[in-house]
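K.L.:
One structure, pasted below without further comment.
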Amino acid sequence: QVQLVESGGGLVQPGGSLRLSCAASGSRIRFNDMGWYRQAPGKQRELVAAITSGGSTNSADSVKGRFTISRDNAKNTVYLQMNSLKPEDTAVYYCNAKWENLGTRYQYYSWGQGTQVTVSS
């Protein structure tokens with residue numbers, strides 16, 4: 001019913017930048033809160049940044065000042081601009097969405113398949 005597709009990951013040197021995109025699709029769906037999570041090998045998945053349908057944002061302390069989350073509601077797409085990347089940012093980045101079925105008004109959570117970000121010299 002809902003699909004989230006991430007793109008934009010890759011290999012980048014420390015200090016470099018990447019922009020991740022998450023395209024959401026679905027019929028008769030309203031996307032409410034959306035966010036980016038990441039999971040490094042052997043570690044728990046953690047919230048990186050989140051954004052509401054109205055544009056309010058929050059982010060993890062570890063990425064404040066470096067990462068910026070944004071969304072384009074017309075395109076049902078959420079972005080994560082990552083600057084000043086560090087080796088510790090290396091992880092699989094996952095898009096998450098809290099969405100509502102406009103017919104039933106039931107709400108759900110969905111995850112993308114993830115995109116690899118590797119920061120290494």
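K.L.:
Within the group Asn76, Asn101, which residue is surrounded by 12 or more Cβ atoms within 10 Å (Cβ to Cβ) and at positive phi? Let's see the steps before the verdict.
P.N.:
Numbers: Asn101 fails: at positive phi.
So the residue among Asn76, Asn101 that is surrounded by 12 or more Cβ atoms within 10 Å (Cβ to Cβ) and at positive phi is Asn76.
K.L.:
Do you know which residues across region 74-117 are assigned to a loop (DSSP other than H, G, I, E, B), free of Cβ contacts under 8 Å to residues at least 24 places away in the same chain and touching a strand residue (DSSP E or B) at 6+ places or on another chain (Cβ under 9 Å)? Break it down stepwise before answering.
P.N.:
Step one: of region 74-117, the residues assigned to a loop (DSSP other than H, G, I, E, B) are 74-76, 83-86, 90, 102-106, 112-114.
Of the ones still in play, those that are also free of Cβ contacts under 8 Å to residues at least 24 places away in the same chain are 74, 104-106.
Within region 74-117, just Tyr106 meets the criteria.
K.L.:
Search region 29-49 for residues being outside any loop (DSSP other than H, G, I, E, B) and among the charged types (D, E, K, R), and hand back the single one that is least open to solvent (accessible area, probe 1.4 Å). Working first, answer last.
P.N.:
At the first step, the residues of region 29-49 found to be outside any loop (DSSP other than H, G, I, E, B) are 29-39, 46-49.
Narrowing the set further to residues that are among the charged types (D, E, K, R) leaves 30, 33, 38, 46.
Numbers: Arg30: 105, Asp33: 66, Arg38: 17, Glu46: 81 Å².
Among those residues, the one meeting the criterion is Arg38.
K.L.:
Can you tell me which residue is surrounded by the most Cβ atoms within 10 Å (Cβ to Cβ) among those in region 54-69 that are hydroxyl-bearing (Ser, Thr, Tyr) and under 14 Å from the mean Cα position of the chain (by Cα)? Before the answer, list the steps.
P.N.:
Here is the first cut: in region 54-69, the ones hydroxyl-bearing (Ser, Thr, Tyr) are 56-57, 59, 62, 68.
Retained after the next criterion (residues that are under 14 Å from the mean Cα position of the chain (by Cα)): 57, 59, 68.
Details: Thr57: 13, Ser59: 20, Thr68: 17.
So the residue we want is Ser59.
K.L.:
Next question, about the same structure. Could you count how many residues in region 34-57 are at pLDDT below 95 and acidic (Asp, Glu)?
P.N.:
Qualifying residue count, region 34-57: 0.
The values are calculated or read from the model by the stated rules, or taken from the named source; none is laboratory data. It should be emphasised that the depicted structure is a prediction, and the values quoted were computed from it without experimental measurement. All Cβ positions, glycine included, derive from the backbone under ideal geometry; neighbour counts span all protein chains shown. All accessible areas refer to the heavy atoms of the entire protein, side chains included, with ligands and DNA or RNA removed. Shrake-Rupley method; radii C 1.70, N 1.55, O 1.52, S 1.80 Å.
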